[in-house]
1. List pairs: first in region B:78-90 and touching a residue at least 24 places away in the same chain (Cβ under 8 Å), second part of a helix (DSSP H, G or I), Cβ under 6 Å, 6+ apart or cross-chain?
2. Residues B:116, B:41: which one is in contact with a helix residue (DSSP H, G or I) (Cβ under 7 Å, 6 or more places away or on another chain) and surrounded by fewer than 17 Cβ atoms within 10 Å (Cβ to Cβ)?
3. Does residue B:58 meet the test of being outside any strand (DSSP E or B) and under 14 Å from the mean Cα position of the chain (by Cα)?
4. Output the number of residues of region A:17-33 satisfying the condition of being closer than 14 Å to residue A:94 by Cβ, more than 8 Å from chain B (Cβ to nearest Cβ) and touching a strand residue (DSSP E or B) at 6+ places or on another chain (Cβ under 6 Å).
5. Within region B:47-69, track down each residue that is exposed (fewer than 12 other Cβ atoms within 10 Å of the Cβ) and more than 14 Å from chain A (Cβ to nearest Cβ).
6. Of these, B:42, B:76, which one is at negative phi, of a type in the set (Gly, Ala, Ser) and away from chain A (no Cβ under 14 Å)?
7. Listed residues A:36, A:77; which is part of a strand (DSSP E or B), modelled with pLDDT of 95 or more, more than 14 Å from chain B (Cβ to nearest Cβ) and in contact with a strand residue (DSSP E or B) (Cβ under 9 Å, 6 or more places away or on another chain)?
8. Looking at region B:70-95, which of its residues are open to solvent by less than 10 Å² (accessible area, probe 1.4 Å) and either closer than 14 Å to residue B:35 by Cβ or not in a strand (DSSP E or B) (or both)?
Amino acid sequence: NAGVTQTPKFRILKIGQSMTLQCTQDMNHNYMYWYRQDPGMGLKLIYYSVGAGITDKGEVPNGYNVSRSTTEDFPLRLELAAPSQTSVYFCASSRTSGGSTDTQYFGPGTRLTVL
Amino acid sequence: AQTVTQSQPEMSVQEAETVTLSCTYDTSESDYYLFWYKQPPSRQMILVIRQEAYKQQNATENRFSVNFQKAAKSFSLKISDSQLGDAAMYFCAYRSARMGAQKLVFGQGTRLTINP
């Protein structure tokens, strides 16, 4: 049982380049999330999905796009990378969104640097 | 909007001693959930403990316990018998209990060092 997996672990981009951060979960969870963690800060929600084909914006969605074509996968797309997007990106999933017993399980993170 | 504040950027404790990490939050809601997450150097976010706001009893998980003061909007984490493996960043987080609420609101984190 792998849980939530993310690829790549590290990436360096040049300004203006594009890339996709991959996220896959094998727990058959309906809800999936993308967070970013800036140095010395907590996590902030970028986008989330409540099921295949349904996505919505979080706190800091500008500069990102997502899609959810399957239950398992929730890729995050950066179209025109900017230095402000240098961060660690975490994907998470949960069975539902409600109830304290519904834990969000996190992937190991992707460290992205934009130069 | 809800906010979570951790006023201690860094804390240190001797191995086997007890340490308390502070967290305060601001919300106008009456029903919500509070969490403490641990982030070791591996970066993995690990749930340590959770508390439902409607419960008066403080949550405990082995060596970890919380002091939940709803009126004061305070949610501190106590770690007893500290171990070297407890060294990590600790994040306090809030989530509304409203239907469809998905967002976890995190504090800035407290870096805990365990001195042998």
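The values are calculated or read from the model by the stated rules, or taken from the named source; none is laboratory data. Predicted model, so just to flag it, every value in this text is computed and none were measured. Cβ atoms come from the backbone with ideal geometry, glycine included; neighbour counts cover every protein chain shown. The accessibility values were calculated without ligands, DNA or RNA, using every heavy atom of the protein model including side chains. Shrake-Rupley method; radii C 1.70, N 1.55, O 1.52, S 1.80 Å.
1. Going by the 6 Å Cβ cut-off, the qualifying pairs are B:79/B:86.
2. Just one listed residue meets the conditions, B:116.
3. Here the answer is yes, as residue B:58 does meet what is asked.
4. Of the residues in that region, 5 qualify.
5. Those that are exposed (fewer than 12 other Cβ atoms within 10 Å of the Cβ) and more than 14 Å from chain A (Cβ to nearest Cβ): B:56, B:62.
6. B:76
7. A:77
8. B:75, B:77, B:82, B:86, B:90, B:91, B:92, B:93, B:94, B:95
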